[in-house]
Number of protein chains: 2
Amino acid sequence: MSDIRSLAMACREAVPLLAMLDTPSKRALLNDMADALERRVDDVLDANAQDMQLAADKGVQGAMLDRLRLDQARVAGIAQALRDVAQLPDPVGVVTRRETLANGITVERVRIPLGVIAMIYEARPNVTADAAALCLMAGNAVILRGGSEAIHSNRAIAAALHEALHAHGLPTAAVTLVEDLSRETMVALLQLSDLVDLAIPRGGEGLIRFVTEHARVPVIKHYKGVCHLYVDRVADLTLALNLLIDGKTSRPGVCNALETVLVHRDVADAFLPGAAAALRERGVELRGDEATRALVPAAGPASEEDYAAEFLDLIIALRVVDSLDEAIAHIRRYGSDHTEVIATGDTSTAQRFVQSLRSAVVMVNASSRFSDGGQLGLGAEIGISTTRLHAYGPMGAESLTIERFVVRGEGQVRHPESRIP
Amino acid sequence: MSDIRSLAMACREAVPLLAMLDTPSKRALLNDMADALERRVDDVLDANAQDMQLAADKGVQGAMLDRLRLDQARVAGIAQALRDVAQLPDPVGVVTRRETLANGITVERVRIPLGVIAMIYEARPNVTADAAALCLMAGNAVILRGGSEAIHSNRAIAAALHEALHAHGLPTAAVTLVEDLSRETMVALLQLSDLVDLAIPRGGEGLIRFVTEHARVPVIKHYKGVCHLYVDRVADLTLALNLLIDGKTSRPGVCNALETVLVHRDVADAFLPGAAAALRERGVELRGDEATRALVPAAGPASEEDYAAEFLDLIIALRVVDSLDEAIAHIRRYGSDHTEVIATGDTSTAQRFVQSLRSAVVMVNASSRFSDGGQLGLGAEIGISTTRLHAYGPMGAESLTIERFVVRGEGQVRHPESRIP
């Protein structure tokens, strides 16, 4: 076992240096990382070929194998993402509030980096570069603990990032790749509460549960999206159908895809048969309650598990509800606080839907697929937080900083009798 | 053992009701709580007398016994604090940002409550009312787990709060007092990650460590303040002395009191003898390094432990440093990220001090004793966070909410091919 504590200490030593970097230096660093990655594309592809071979030998296939695969275009995409992050506004040093109080002291709230961020993720090697870039742009050091399937690819990508750090006179430990992927080392990492300021697990239920159970450092979970569309009784049904098709079929394997549709009883017969046909045309399997199946004979029965499921696949759960309140109760019961959508022409119904739910993202007449940092104007995202603390929903560079207080005075004291005459 | 899970479930059921309360309702509720507390003052004082007797029997004395004691004036003060919180701006529903994107969707960031907050604290019974008021004003339900020394007082105060909740048609479980104070029950509470959104431990090292080790729910620590004053070589030495006396002696038992003074070598002989005399006049014990003791013979030697100590008493550690950098290095090594102060007449030195430290509060020419939510314009505080996540430093009602995304469109989809022709 490599000594994870030593790795984290070296990473932490980079924190004051990174926190002091000005914006042009950080931008130059990230652009040089992109260049280094492109120069080393052959190394990266060779390493990735090793990972792909090992994964194939282990019987990995389908979407997981696809997430692991790199090619020239994907490496170019990773480099471009680094350059895109370099163009983002620098969140560090931003004064979010300034106030002068009655006693003459000025109180500012100023953004500073969080410190050391441990990113814990699964098979996608692009996360190695994406997460490092966002962490660095926000002045943080990062410990990357990716999945074992991508270890060769991650090592090759990290080598490119290190080349740029070194060229800028910065410690390569600012981006630390954990190569010992044992569970013991992950547990040890998650307990370094004096060295690690935040752990961000991004992955499936098993990973999230493991991190939550073992962490003594703060955790922001990037957990599943059981996203709902509620079709209200005064919805524009064509609009609702567009949201449904986009939400379910444009990329079913992602967390902002729709998993369940709730339809108001008054519009069920006008909406469901046509919607079901459109979904089936696109290869979507339907699972519904009895009222749905009465209108859509092709739908199979939906179980409790189906309503709680993040299918990440061309499967959808359907249910007819009697009212907005029933839809809200269903979402509260089965939802994962990620993203919910209402299709309605009624403003007060929309308002009640928004106010009654506490999901990270609530959409009125817009597709769940917009629930993404890039789509919502954050420029890039490190993921989508489902922890209702610090950051909730798409999480960009700003969410990798914290506001602190800077107070300036001219010798003010709290108790006047403290003054020396 | 009472069933803490059942208690937390009942508390959680109050969350949607509290989240929907409008501002006037919350204000009326808190004012009625204040009235109920004043009506029940005799019950509260009787209960407190029981706690005081038990504490005295156990040999509790000094500051701890004083923190536990209530009298007519202190109960009136608790009631007034409830009325003060009722006058604070309501953070729930505040739109912090609004943007219309190129595709026509509008993206708002809107504050919502966190949900269920578990407040874990020690002997001060006023926290029972203060924490409940701030949590409720921010639309949250709260589980209060106070110290065993104050259990009778806490129960009497909670009864008053419940009377007002009941009169407003709200479940009394919105403010749940844990009466089973066993460690097992605290551990069980801290592991209810499906029911509790945040735990706030406020107390000494033992409590904080216990909570951090056992929690699976998110934790924001309110930990110790090893606060520093650095007297720069171009400081106004009278101003510096005022900050020192105020910081050390105006209330030595609180977390924003000064614990260590670092003095630049160039001003050590001009500053230290006079400062030492002023401190000794006020009963402060001095512990210094060799350079300090050469100038101040009355100072005892300072150990490593002294520099890391939160004395919470009339004791101060002193040290002569050669430079700003040495002062910064000392604070990074021994500090607790709470509050640091520089006395200097040089703006660029001040700026470097601020930027090089990542403490929650950094003061330039102002007393550490202003590091307090009330003093810094938050109206009231639930405590001072030393966790660099979500809230850092004094934490008011706003920090008991989280920003989420509300998106409004007119049927926009992410992939145009999703549109039904």
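The values are calculated or read from the model by the stated rules, or taken from the named source; none is laboratory data. Source: prediction; values computed, not measured. As a convention, Cβ positions derive from the backbone with ideal geometry for all residues, glycine included, and neighbour counts pool all protein chains shown.
Would you confirm whether any residue within segment B:79-92 is in contact with a strand residue (DSSP E or B) (Cβ under 8 Å, 6 or more places away or on another chain), under 30 Å from A:G377 (Cα atoms) and in the same structural domain as B:M395 (by TED's automatic domain parsing)?
Residues of segment B:79-92 that are in contact with a strand residue (DSSP E or B) (Cβ under 8 Å, 6 or more places away or on another chain), as a first pass: B:91-92.
Filter once more, keeping what is under 30 Å from A:G377 (Cα atoms): B:91-92.
If we keep only those that are in the same structural domain as B:M395 (by TED's automatic domain parsing) too, we end up with B:91-92.
Among the residues of segment B:79-92, at least one is in contact with a strand residue (DSSP E or B) (Cβ under 8 Å, 6 or more places away or on another chain), under 30 Å from A:G377 (Cα atoms) and in the same structural domain as B:M395 (by TED's automatic domain parsing), which makes the answer yes.
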*Six or more apart or on different chains, Cβ under 6 Å: which pairs go from a residue in segment A:190-219 that's over 18 Å from B:H214 (Cβ atoms) to one that's of a type in the set (V, I, T) and in a loop (DSSP other than H, G, I, E, B)? Could you list them?*
A:V196/A:V217; A:I200/A:I220
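Can you pull out the residues in segment A:306-326 that are over 23 Å from A:L239 (Cβ atoms) and either at pLDDT below 95 or more than 14 Å from chain B (Cβ to nearest Cβ) (or both)? Let's see the steps before the verdict.
Here is the first cut: in segment A:306-326, the residues over 23 Å from A:L239 (Cβ atoms) are A:306-313, A:315.
Selection gives A:D306, A:Y307, A:A309, A:E310, A:F311, A:L312, A:D313, A:I315.
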*Could you please let me know if B:V407 is buried (at least 20 other Cβ atoms within 10 Å of the Cβ) and within 30 Å of A:D236 (Cβ to Cβ)?*
yes
*Among the residues of segment A:262-300, write down those that are out of contact with any strand residue (DSSP E or B) (no Cβ under 7 Å at 6 or more places or on another chain) and in a loop (DSSP other than H, G, I, E, B).*
A:R282, A:G283, A:P297
_Meets criteria (within 28 Å of B:C255 (Cα to Cα), surrounded by fewer than 19 Cβ atoms within 10 Å (Cβ to Cβ) and within 14 Å of chain A (Cβ to nearest Cβ)) for B:P113_ = no
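Specify which of the listed residues (B:A329, B:A397, B:A366) is more than 30 Å from A:N365 (Cβ to Cβ), within 9 Å of another protein chain (Cβ to nearest Cβ) and at pLDDT 95 or above.
The conditions single out B:A366.
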*Looking only at segment A:184-210, count how many residues are closer than 18 Å to A:C11 by Cβ and either among the hydrophobic types (A, V, I, L, M, F, W, C) or within 12 Å of chain B (Cβ to nearest Cβ) (or both).*
15
*Select from segment A:184-200 the residues that are modelled with pLDDT under 95 and closer than 20 Å to A:A123 by Cβ and list them in ascending order.*
none
*Confirm whether B:A380 is away from chain A (no Cβ under 12 Å) and modelled with pLDDT of 95 or more.*
no
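With respect to A:D51, determine if the residue is surrounded by fewer than 19 Cβ atoms within 10 Å (Cβ to Cβ) and either without any contact (Cβ under 8 Å) to a residue 24 or more places away in the chain or acidic (D, E) (or both). I'd like the intermediate steps shown before the answer.
Values: surrounded by fewer than 19 Cβ atoms within 10 Å (Cβ to Cβ): no; either without any contact (Cβ under 8 Å) to a residue 24 or more places away in the chain or acidic (D, E) (or both): yes.
So A:D51 fails the test.
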*Taking A:M119 as meeting all but one of (1) farther than 30 Å from A:E410 by Cβ; (2) in contact with an Asp or Glu (Cβ under 9 Å, 6 or more places away or on another chain), write down the number of the exception.*
(2)
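Please find, within segment A:62-77, the residue that is surrounded by the fewest Cβ atoms within 10 Å (Cβ to Cβ) out of those that are among the aliphatic types (A, V, I, L, M) and touching a helix residue (DSSP H, G or I) at 6+ places or on another chain (Cβ under 9 Å).
Initial filter on segment A:62-77 (among the aliphatic types (A, V, I, L, M)): A:63-65, A:68, A:70, A:73, A:75-76.
Then drop every residue that is not touching a helix residue (DSSP H, G or I) at 6+ places or on another chain (Cβ under 9 Å), which leaves A:64-65, A:68, A:70, A:75-76.
Numbers: A:M64: 16, A:L65: 16, A:L68: 22, A:L70: 24, A:V75: 25, A:A76: 14.
Among those residues, the one meeting the criterion is A:A76.
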*Which of the following residues is more than 14 Å from chain A (Cβ to nearest Cβ), more than 29 Å from B:T401 (Cβ to Cβ) and within 25 Å of the chain's Cα centre (by Cα): B:R27, B:R74, B:R40?*
B:R74
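Going through segment A:272-303 one residue at a time, which ones are among the acidic types (D, E) and in contact (Cβ under 8 Å) with a residue 12 or more places away in the chain? Steps first, answer last, please.
If we filter segment A:272-303 for residues that are among the acidic types (D, E), which is where we start, we get A:281, A:285, A:289-290.
Selection gives A:E285, A:D289.
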_Quick check on segment A:346-363: of everything there that is at the interface with chain B (Cβ under 9 Å from one of its Cβ atoms) and among the small types (G, A, S), which residue is farthest from A:G393 (Cα to Cα)?_
A:A350
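May I ask you to list the residues in segment A:400-421 that are hydrophobic (A, V, I, L, M, F, W, C) and either more than 7 Å from chain B (Cβ to nearest Cβ) or without any contact (Cβ under 8 Å) to a residue 60 or more places away in the chain (or both)? Steps first, please.
Narrowing segment A:400-421 to residues hydrophobic (A, V, I, L, M, F, W, C): A:400, A:402, A:405-407, A:413, A:420.
Answer for segment A:400-421, where residues must be hydrophobic (A, V, I, L, M, F, W, C) and either more than 7 Å from chain B (Cβ to nearest Cβ) or without any contact (Cβ under 8 Å) to a residue 60 or more places away in the chain (or both): A:L400, A:V413, A:I420.
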_Filter segment A:252-271 down to the residues that are free of Cβ contacts under 8 Å to residues at least 60 places away in the same chain and under 16 Å from A:V320 (Cβ atoms) and list them by number._
A:V261, A:V263, A:R265, A:D266, A:V267, A:A268, A:D269, A:A270, A:F271
*Could you tell me which of the residues B:A102, B:A160 is in a helix (DSSP H, G or I) and either among the aromatic types (F, W, Y) or assigned by TED's automatic domain parsing to the domain that holds B:L45 (or both)?*
B:A160
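Out of segment A:20-35, which residues are part of a helix (DSSP H, G or I) and either without any contact (Cβ under 8 Å) to a residue 40 or more places away in the chain or surrounded by fewer than 22 Cβ atoms within 10 Å (Cβ to Cβ) (or both)?
If we filter segment A:20-35 for residues that are part of a helix (DSSP H, G or I), which is where we start, we get A:20, A:23-35.
Matches in segment A:20-35: A:M20, A:T23, A:P24, A:S25, A:R27, A:A28, A:N31, A:D32, A:D35.
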*asked:* Restricting to segment A:58-100, count the residues that are in contact with a Gly (Cβ under 6 Å, 6 or more places away or on another chain) and of a type in the set (G, A, S).
replied: 1
*Got at least one residue in segment A:311-319 being out of contact with any Asp or Glu (no Cβ under 9 Å at 6 or more places or on another chain) and more than 30 Å from A:A391 (Cβ to Cβ)?*
no
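Table: residues versus (1) among the aliphatic types (A, V, I, L, M); (2) crowded, with 22+ Cβ neighbours inside 10 Å.
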residue: B:A298; (1), (2): yes, no
residue: B:E310; (1), (2): no, no
residue: B:D322; (1), (2): no, no
residue: B:H330; (1), (2): no, no
residue: B:A360; (1), (2): yes, yes
residue: B:Q375; (1), (2): no, no
residue: B:G379; (1), (2): no, no
residue: B:I384; (1), (2): yes, yes
*Going through segment A:218-258 one residue at a time, which ones are farther than 24 Å from A:F311 by Cα and either crowded, with 24+ Cβ neighbours inside 10 Å or within 9 Å of chain B (Cβ to nearest Cβ) (or both)?*
A:P218, A:V219, A:A235, A:D236, A:T238
